[in-house]
Amino acid sequence: MEGWAVYGQGAMKEQMSRNGNRFIVAYNRTQSLDSISQKVQLGGGLIYSFSAWIQINKGSERVAVVFKIPHTERVIGGRVLARNGCWSLLKGGIFANFTSHADILFESNDTSTEIWVDSVSLQQFTLEQWRAQQDKKIDKERKSKVRFKVTYGNGTAVDSATVSIKQTRSEFPFGCGMNFHIIDSTDYQNWFASRFKYTTFTNQMKWYSNEPKQGQENYTVADTMVKFAQQNGISIRGHNILWDDPKYQPEWVKNLTSDELRKAAAKRVDSVVSRYAGQLIAWDVMNENLHFSFFEDKLGKNASSRYFKRAYELDPKTTMFLNEFNTIEYSNDEDVDPISYMKKLSVILSNPGNQGILAGIGLEGHFGVGQPNLAYMRSVLDILSSTGLPIWLTEVDVVKEPNQAEYLEQILREGYCHHAVEGIIMFAGPATAGFNATTLVDKDFKNTPSGDVVDKLIDEWRTKPTETKADGEGYFEMSLFHGDYNITIKNPVTNCSTTLSYRVTKGTTCIHIIA
C-alpha cells in the first residue's frame, strides 16, 4: 500500500487473493469519490496512459479513475464496468495541460461497494514518443511486407525483371463530408473528386431535408449528389434515417401525437431506406441515441430497436450504425462513454429479429478547444473493439483555434493506427460550402493549414509509384499499404511489358506473378 492514502471518508486495507496476490481495498465509503488516492506530478505537455485492474465486492458497478487537479475541473481518465468475482481492466489516461501535482483516485456511485484495486500503471509519453508509437501501429495494421516471385508460364524464374508498382486505391476508407454546394460548383467537384472516394452528406439525407412539409417528400438534392458520387466512384455513408434530438425533427413532427408519430416515422424509414437500398455502404440508423430519446419518450423504449430492424429488412447488405458524439472526444460525458455505448448497442441488437444485422459503431469525433486526450481516445477504441464490430470515426472536425491543424492530424493518426477503426469521414471542406469549423480550403480553393494536413496524410498513407528489379531467382520484397495495385512486369529479354492487377490485404504475404 506504499504511496496510497484514504481519500475523503472511509478506510483502506490490504487484502490477499487465494493465489497470494495482494491488492488494496477501499471500504466504509459514504461519498462517490471516497476511495484511495495517490499524489503524482504531471508534466505539462505530456500524455499519461493509465491502467489498473478493478474488482468490487458485490454485483456490478461502474468504477472511474479520476485525476483531481488543483483549481480545475476534475478529469475522468476512464471507466470500467467492474464485477464481483473477476478482475476488469480499467484503461484511460490524461493529457497534462500544465505542470501540476494531481490526486489519482477512484469513483463509484454505489457507496456500499468496496473498490478493489491492483496493478496500477501510469505511463508518461511526450507527443513525439506517442507519434512514434502511432507510426509503428500504422506499419503493423495498414501495411504488409509482400514477397513477390516473377516467373514464366512454365515456372522458370524471370531473371532481373523490371517491375513497376502503382497503387490505384487504398483499402482504408478516408473521406470527407459533402453538402449541396457541390451540385453547382465545378471547383468543389474537382477538389473533392481528386482527393476522396468516401463521403457522408452532411444534411441532405436527413428527414428535415427530405420532408420539410408533411407528405411532401423531395429527394431532388440528395439524388443529384448520389449521382455525382456514383459517377466519380465515391462510396456514400447514409446519414441519417432518424435523429433522436428533439431539436432536429422536422417542424411538423414535433407536435404529433404518439400514434401520428409512429405512422410518420415508419413511413420515413421505409421511404429513405428503400430509395437508396443497395447504393450505400452504411446507414446511421438512429443518430445520437444515447444523448437524446425523442422517439423512445413517445413510442416506447424499444423504438430504436424497431427502426434498426426495419432498416435491416429493407437493406440487409448495408452496415447499420449507432452514431454518437463525445464518446472519444470528452471523457467526462458519462452518458456516452464506451460502457454506455456498448449497453445501448447490446439492447438494440438483442431485440427479436435484430441478431443478424450488420452492425457498426459510429463515433462522430467533434473535438473542442485544446489538446485532444489521445490516451483516453485510444482506450475507448480498445474497449469498443472488444465487440468485434467495425468502428468508424464518422464526422471528425476540430473547432477553430491556433493549433487546429496540429490537433486534427493527431486525431486522424490515432484513428488510422487503431486496428478496429475501419474508416474515417471528416466533416470538413471548402469555405465556400460553409464548412466553418474545420475549413480545408479557402474561397479560392487554396489549402488552409488543416487542408495541408489532410493532403499530407492522403499522400503518406499510400504507396508511392515504385520501380524495382527482381533478383536472379525472380524474387523481390516490398512493404505495401493495403489496397489495389497495378503491377507492370518488363521482360528483360523481349522488352515486352505485361500489366496485372492485384489486391494487397492484411493477410497478403506473397504474390506470384506470371510474366
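Note on the stretch 43-70: among residues that are within 28 Å of the chain's Cα centre (by Cα) and of a type in the set (A, V, I, L, M), the one that is surrounded by the fewest Cβ atoms within 10 Å (Cβ to Cβ) is 46.
Is it the case that some residue within the stretch 454-470 is surrounded by 15 or more Cβ atoms within 10 Å (Cβ to Cβ) and more than 30 Å from the chain's Cα centre (by Cα)? Yes, the stretch 454-470 contains a residue that is surrounded by 15 or more Cβ atoms within 10 Å (Cβ to Cβ) and more than 30 Å from the chain's Cα centre (by Cα). Summed over the stretch 130-188, the residues that are within 19 Å of the chain's Cα centre (by Cα) and under 27 Å from residue 240 (Cα atoms) give a count of 9.
Run down 379, 346 and say which single residue is over 30 Å from residue 96 (Cα atoms) and not in a loop (DSSP other than H, G, I, E, B).
One residue alone meets the criteria, 346.
Taken over the stretch 222-267, the residue count meeting the criterion of being under 23 Å from residue 427 (Cβ atoms), open to solvent by less than 10 Å² (accessible area, probe 1.4 Å) and in a helix (DSSP H, G or I) is 4.
Scanning for something more than 22 Å from residue 8 (Cα to Cα), among the charged types (D, E, K, R), surrounded by 21 or more Cβ atoms within 10 Å (Cβ to Cβ) and at pLDDT 95 or above, does the stretch 88-101 turn up at least one residue? Don't jump to the end; show me each part of the working.
Step one: of the stretch 88-101, the residues more than 22 Å from residue 8 (Cα to Cα) are 88-89, 91-99.
So of that shortlist, the ones also among the charged types (D, E, K, R) come out as 91.
Subsequent filtering for residues that are surrounded by 21 or more Cβ atoms within 10 Å (Cβ to Cβ) retains 91.
Adding the requirement that they be at pLDDT 95 or above leaves 91.
For the stretch 88-101, residues more than 22 Å from residue 8 (Cα to Cα), among the charged types (D, E, K, R), surrounded by 21 or more Cβ atoms within 10 Å (Cβ to Cβ) and at pLDDT 95 or above: present.
Among the residues of the stretch 480-507, the one identified as open to solvent by 80 Å² or more (accessible area, probe 1.4 Å) and of a type in the set (Gly, Ala, Ser) is 501. Of the set (1) farther than 20 Å from residue 292 by Cα; (2) free of Cβ contacts under 8 Å to residues at least 60 places away in the same chain, all apply to residue 379 but (2). Out of everything in the stretch 181-193 that is surrounded by 19 or more Cβ atoms within 10 Å (Cβ to Cβ) and touching a helix residue (DSSP H, G or I) at 6+ places or on another chain (Cβ under 8 Å), what residue ends up being farthest from residue 447 (Cα to Cα)? Step by step, filter the stretch 181-193, then rank; the result is 182. Of everything in the stretch 156-176 that is hydroxyl-bearing (Ser, Thr, Tyr) and touching a residue at least 40 places away in the same chain (Cβ under 8 Å), the residue that is farthest from residue 467 (Cα to Cα) is 170. Using the structure shown, decide if residue 388 is part of a loop (DSSP other than H, G, I, E, B) and open to solvent by 40 Å² or more (accessible area, probe 1.4 Å). So residue 388 fits the description; yes. Quick check: is even one residue across the stretch 162-179 open to solvent by 20 Å² or more (accessible area, probe 1.4 Å), closer than 30 Å to residue 4 by Cβ and either at pLDDT below 95 or part of a loop (DSSP other than H, G, I, E, B) (or both)? Within the stretch 162-179, none of the residues are open to solvent by 20 Å² or more (accessible area, probe 1.4 Å), closer than 30 Å to residue 4 by Cβ and either at pLDDT below 95 or part of a loop (DSSP other than H, G, I, E, B) (or both).
Out of the stretch 52-86, which residues are touching a residue at least 60 places away in the same chain (Cβ under 8 Å), of a type outside the set (A, V, I, L, M) and more than 12 Å from residue 104 (Cβ to Cβ)? Passing the criteria: 53, 55, 62, 73, 79. Of all residues in the stretch 268-322, those satisfying the criterion of being among the hydroxyl-bearing types (Ser, Thr, Tyr) and not in a loop (DSSP other than H, G, I, E, B) are 271, 274, 276, 304, 305, 307, 312, 319.
Of all residue pairs spaced 6 or more apart or on separate chains, none has beta-carbon atoms under 6 Å together with a first member in the stretch 438-452 that is free of Cβ contacts under 8 Å to residues at least 40 places away in the same chain and a second member that is open to solvent by 90 Å² or more (accessible area, probe 1.4 Å) and of a type in the set (Val, Ile, Thr). Within the stretch 394-440, count every residue that is among the small types (Gly, Ala, Ser), out of contact with any helix residue (DSSP H, G or I) (no Cβ under 6 Å at 6 or more places or on another chain), assigned to a helix (DSSP H, G or I) and open to solvent by less than 30 Å² (accessible area, probe 1.4 Å). Number satisfying all stated conditions: 1. Taking every residue in the stretch 353-364 that is under 18 Å from residue 303 (Cα atoms) and pairing it with any residue that is assigned to a loop (DSSP other than H, G, I, E, B) and of a type outside the set (Val, Ile, Thr), at least 6 positions away or on another chain, the pairs with Cβ-Cβ distances below 6 Å are 359/389. Suppose the filter is part of a strand (DSSP E or B), open to solvent by less than 30 Å² (accessible area, probe 1.4 Å) and of a type outside the set (Asp, Glu); does residue 451 pass it? For residue 451, the condition - part of a strand (DSSP E or B), open to solvent by less than 30 Å² (accessible area, probe 1.4 Å) and of a type outside the set (Asp, Glu) - is not met.
Among the conditions (1) part of a strand (DSSP E or B); (2) of a type outside the set (Lys, Arg); (3) more than 24 Å from residue 382 (Cβ to Cβ), residue 118 misses just one, which is (3). Of all residue pairs spaced 6 or more apart or on separate chains, those with beta-carbon atoms under 6 Å, a first member in the stretch 177-197 that is more than 12 Å from residue 435 (Cβ to Cβ) and a second member that is crowded, with 22+ Cβ neighbours inside 10 Å and among the aliphatic types (A, V, I, L, M) are 189/182.
So for the stretch 103-114 (the condition being free of Cβ contacts under 8 Å to residues at least 60 places away in the same chain and farther than 23 Å from residue 386 by Cβ), does at least one residue qualify?
Within the stretch 103-114, the first condition is being free of Cβ contacts under 8 Å to residues at least 60 places away in the same chain, and the residues that meet it are 110.
From what is left, the residues that are farther than 23 Å from residue 386 by Cβ are 110.
Yes, that holds for at least one residue.
Within the stretch 134-155, residues that are assigned to a helix (DSSP H, G or I) reach partners that are open to solvent by 70 Å² or more (accessible area, probe 1.4 Å) and of a type outside the set (Lys, Arg) with beta carbons closer than 7 Å, at six or more positions or on different chains, in the pairs 141/419.
The values are calculated or read from the model by the stated rules, or taken from the named source; none is laboratory data. On a predicted model such as this, the values are computed, not experimentally measured, just so you know. Cβ atoms come from the backbone with ideal geometry, glycine included; neighbour counts cover every protein chain shown. We work out accessible area using only protein heavy atoms, side chains counted, and drop any ligands, DNA or RNA first. Shrake-Rupley method; radii C 1.70, N 1.55, O 1.52, S 1.80 Å.
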